[in-house]
Structure formats: C-alpha cells, structure tokens
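Enquirer: Please find one structure pasted underneath; my questions will follow.
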Amino acid sequence: MGTARFILAGAAVFSVLASSAFADDLTGMVTRIDRLNGTISIQHTQKGTVGGSAGGAGALQEYKTKDAAMLDAVHAGDRVTYSATDNNGTGTLTTLQKQ
C-alpha cells in the first residue's frame with residue numbers, strides 16, 4: 001500500500017511539472033487589445049499541425065496583463081511568444097514578446 005501511494009504521488013508531481021513546462025512556450029497571434037481593461041486576446045497557435053486552412057489556429061484566450069507596457073509593445077495581428085498563469089480561472093500574462 002505504501003509503494004502504491006509513493007508511485008501515485010510521483011506521477012502527480014510529474015504531471016504538474018509537465019503541464020507547467022508546456023505553459024512556458026506558447027505562441028499565437030494578437031487579435032484584440034483592450035487598454036482600458038488591461039486585457040489582450042491571443043489566438044493560440046497549435047504546434048505540430050500539418051495542413052488545414054486555419055494555419056493551426058487554436059483556442060482564442062483573453063488574458064489580463066500586469067502592466068500597460070505589455071500592451072504597448074504589441075498590436076493586433078502581431079505574432080507573439082508568451083507565457084501565462086491561471087489565477088482562479090483568469091489567465092494572466094507573465095511574459096509577452098513580439099516575434
């Protein structure tokens with residue numbers, strides 16, 4: 001019984017580490033910037049897709065930003081690399097860089 005708990009705990013830690021690793025390397029296209037509310041909408045680009053007319057477009061996500069400088073650095077239509085955290089169901093950008 002103790003060995004099973006140890007294995008399950010290790011698997012849980014591995015899944016948390018793996019999911020946070022994927023969140024650090026996201027790419028997408030800015031679709032909307034709302035400077036009054038401090039939010040930005042990004043169309044996530046799926047990696048590894050072949051074919052398709054949408055160019056591998058994924059889900060559209062709206063993120064809050066920590067400061068206005070992030071919003072001033074990009075415009076709608078820009079391709080970006082970003083990372084975000086989830087805080088009670090609200091995504092918050094931690095980094096945002098124009099490609």
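Enquirer: Would a scan of region 41-58 turn up a residue that is assigned to a loop (DSSP other than H, G, I, E, B), surrounded by 10 or more Cβ atoms within 10 Å (Cβ to Cβ) and either in contact with a Pro (Cβ under 6 Å, 6 or more places away or on another chain) or modelled with pLDDT of 90 or more (or both)?
Expert: Applying the first criterion (assigned to a loop (DSSP other than H, G, I, E, B)) to region 41-58 yields 46-56.
Pick out the ones that are also surrounded by 10 or more Cβ atoms within 10 Å (Cβ to Cβ) and you get 46-47, 49, 54-56.
Among the residues that remain, those that are also either in contact with a Pro (Cβ under 6 Å, 6 or more places away or on another chain) or modelled with pLDDT of 90 or more (or both) are: none.
No.
Enquirer: Next up: Select from region 60-98 the residues that are within 12 Å of Ile42 (Cβ to Cβ) and assigned to a loop (DSSP other than H, G, I, E, B) and write down the one among them that is nearest to the chain's Cα centre (by Cα).
Expert: Thr65
The values are calculated or read from the model by the stated rules, or taken from the named source; none is laboratory data. Predicted model, so just to flag it, every value in this text is computed and none were measured. Cβ: placed from backbone, ideal geometry, glycine included. Neighbour counts: every protein chain shown.
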